[in-house]
1. What residues of the stretch 84-113 lie in the reach of a label at residue 119, counting those whose backbone N is under 17 Å from a point 7 Å from the Cα along Cα→Cβ?
2. Kindly identify the stretch 85-153 as rounded, prolate or oblate by the Cα gyration tensor criterion: order the square roots of the eigenvalues as a ≥ b ≥ c, call it rounded if a/c is under 1.5, otherwise compare a/b with b/c, prolate if a/b is larger, else oblate.
3. Dipole of the stretch 11-76, Cα-centred, from +1 at each Lys and Arg C-beta and -1 at each Asp and Glu C-beta, to the nearest 20 debye?
4. Would you mind ranking 144, 69, 149 so that the residue whose beta carbon has the fewest other beta carbons within 10 Å leads the list?
5. If you average the sequence gap of Cα pairs under 8 Å that are 6 or more apart and divide by the length of the chain, what percent do you get for the contact order?
6. Enter the per residue convex hull volume of the stretch 8-61, computed from alpha-carbon coordinates, in Å³ rounded to the nearest integer.
7. How do 145, 73 line up, fewest other C-beta atoms within 10 Å first?
8. If I stretch the segment between residue 103 and residue 127 completely, what's the gain in nm (0.36 nm per residue apart, minus their alpha carbon distance), one decimal?
Amino acid sequence: MRFCVVPAAYVLLLRTVDRGDEVLLQLRQGTGYRDGYWAVAAAGHVEADESVHAAACREAAEEIGVEITPADLEPLTVMHRTHGNHQPIDERVDFFFGCRSWSGEPRLMEAAKAADVRWFPLHDLPDPMVPHENYVMDGVRTGTLPPITAWGF
């Protein structure tokens, strides 16, 4: 039987400081999924008739108030992900992008969905992290992230 997947776009805002690379994360709250966990600061579903690049740019504006263009996005990995429960909402294809260039100052835009937004060194991420996102962060940090990954199978 064929199944459908939910596409999502993730934007890892990255900056280099004296100590190395940092990533912007949000502390989830009020969403019903991994509340109390740190997660990529800009991420969300791809809407109907929207490209994954447009979704990434839109999510960055909505969630952290920065403007990015598709040219600012560096593909990191595509993750085919499942929770293994056969629920359509839990069958995913996640597109992860890095971004080092944007306009505006990142800030918390959706207080109902996030309690905090903060920069963290890639080598010292907070706990707890959303597990599949933590996997991607580790791959970015170590330079070992494959172009296509599977999670939960």
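1. 99-108
2. Judged from the Cα gyration tensor, the stretch 85-153 comes out oblate (a/c at least 1.5, b/c at or above a/b).
3. Here the size comes out at about 280 debye.
4. Fewest to most other Cβ atoms nearby, the residues stand as 144, 69, 149.
5. This gives 31 percent for the chain.
6. Measuring per residue, one finds 89 Å³ for the Cα hull of the stretch 8-61.
7. Sorted ascending by nearby Cβ count, the order is 145, 73.
8. 5.7 nm
Read-outs throughout are calculated quantities, based only on the coordinates presented, and are distinct from any laboratory measurement. The shown structure was predicted, so the numbers you read here are calculated from the model rather than taken from an experiment. We place every Cβ from the backbone using ideal geometry, glycine too, and count neighbours over all the protein chains shown.
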